[in-house]
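The values are calculated or read from the model by the stated rules, or taken from the named source; none is laboratory data. Small disclaimer: the values here were computed from a predicted structure and weren't measured. Backbone-built Cβ (ideal geometry, glycine too); neighbour counts: all protein chains shown.
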Amino acid sequence: MTIDQSRPINLSVISLPLRLLFSAFLIVISLGLAMAGLQILYTHGMADGEFGLSRDDIVYSYYGDRGGSRLEVKLKGTMKDKASVADRAAIVKWVQEGSPKEQWDEKVQSIFASNCVTCHGAIPGLADFRTYEGIKGFAQIDEGKDPPALARVSHIHLFGIAFISFFVCLIFSLSVGLPTWVKSVAIVTPFVFQVVDVLSWWLTAWTPSFAFLTIIGGTCYQLASFFMIVTSLYQMWIMPLRARVPE
Ligand code: HEC
């Protein structure tokens with residue numbers, strides 16, 4: 001087999017094994033992106049107690065609800081159905097009065113005992129609400145993510161995502177028939193918005209008005225990835241069938 005030097009490697013002419021490798025990778029990454037989206041909806045998305053990602057979710061996740069405690073946030077969120085309106089109101093009132101020990105002994109402990117300890121105190125790994133010591137930390141103001149937690153998720157995210165983006169972009173860079181500027185913009189976009197995303201977590205932890213950046217960062221990242229993956233798969237599998245290979 002001779003190699004035609006005048007024709008650079010491109011997605012529509014690569015060998016079947018390489019096409020399969022690239023495609024398998026891109027498909028698994030697409031599933032990963034979809035799962036990441038779902039996970040965001042389930043974890044951050046529920047932070048404000050309503051399904052679907054909103055600005056409030058981001059604020060609760062990174063800035064915290066500084067008007068309230070973790071307990072209050074949860075009682076408005078995933079733990080909402082665990083107690084009656086009256087019981088929830090009684091807990092919130094106690095928290096807002098500074099969660100005094102006397103009230104706990106008198107009344108609040110029994111509310112937790114009848115609504116919460118079947119899980120919190122019985123299931124290993126869940127916060128234990130049988131004692132005042134166990135609940136105390138959750139009754140304090142929620143400060144969102146602190147710098148050590150943010151640094152941890154940031155570095156994992158930056159390394160991991162850059163690695164994925166690199167391969168997605170490398171495969172896409174072998175596409176044909178697109179203006180160079182379109183390819184260049186698409187290739188740079190995931191890296192830029194990955195940084196915007198991580199930066200937005202820090203900015204939101206500092207002041208909540210930056211929450212919109214998290215949504216923009218994630219959306220642009222997903223759009224650019226989606227565009228590159230679809231284009232690459234198209235050029236590898238459909239374009240050769242149509243035998244329409246632009247020079
Ligand atoms: C059916 C089991 C169950 C019951 C009952 C339950 N919880 Fe939970 N709770 C969970 C699970 C599972 C989680 C972890 C997932 C989550 O955060 O939604 C959790 C998490 C929490 C958290 C967050 C803990 C953390 O580490 O950040 C708080 C606060 C909380 N629950 C409060 C309550 C209160 C208050 C009640 C009673 C009114 C209650 N829960 C009843 C299962 C339960």
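The helices (runs of 4 or more DSSP H) found wholly in region 132-212 and carrying at least 3 residues that are aliphatic (A, V, I, L, M) occupy 147-172, 180-206. In region 59-126, counting only helices (runs of 4 or more DSSP H) that sit wholly within it, the ones holding 2 or more residues that are more than 7 Å from the ligand (Cβ to nearest atom) and farther than 30 Å from Trp202 by Cβ span 85-96, 109-115. Residues in region 171-181 that are surrounded by 13 or more Cβ atoms within 10 Å (Cβ to Cβ) and either without any contact (Cβ under 8 Å) to a residue 60 or more places away in the chain or acidic (Asp, Glu) (or both): Ser173, Leu178.
Of the candidates Phe191, Phe167, Phe163, Phe159, the single residue that is out of contact with any Phe, Trp or Tyr (no Cβ under 7 Å at 6 or more places or on another chain), surrounded by 13 or more Cβ atoms within 10 Å (Cβ to Cβ) and of a type outside the set (Ser, Thr, Tyr) is Phe191. The residues of region 60-70 that are of a type outside the set (Ser, Thr, Tyr) and at pLDDT 75 or above amount to a single one, Arg70. Out of all the residues in region 34-52, is one or more at pLDDT 75 or above, within 27 Å of Ser200 (Cα to Cα), among the hydrophobic types (A, V, I, L, M, F, W, C) and within 11 Å of the ligand (Cβ to nearest atom)? Checking region 34-52: not a single residue is at pLDDT 75 or above, within 27 Å of Ser200 (Cα to Cα), among the hydrophobic types (A, V, I, L, M, F, W, C) and within 11 Å of the ligand (Cβ to nearest atom). Do we have Ser232 as assigned to a helix (DSSP H, G or I) and at pLDDT 95 or above here? Taking the combined requirement at face value, the residue satisfies it. Within region 127-154, if we keep just the residues that are free of Cβ contacts under 8 Å to residues at least 24 places away in the same chain and of a type in the set (A, V, I, L, M), the residue that is nearest to the ligand (Cβ to nearest atom) turns out to be Ala127.
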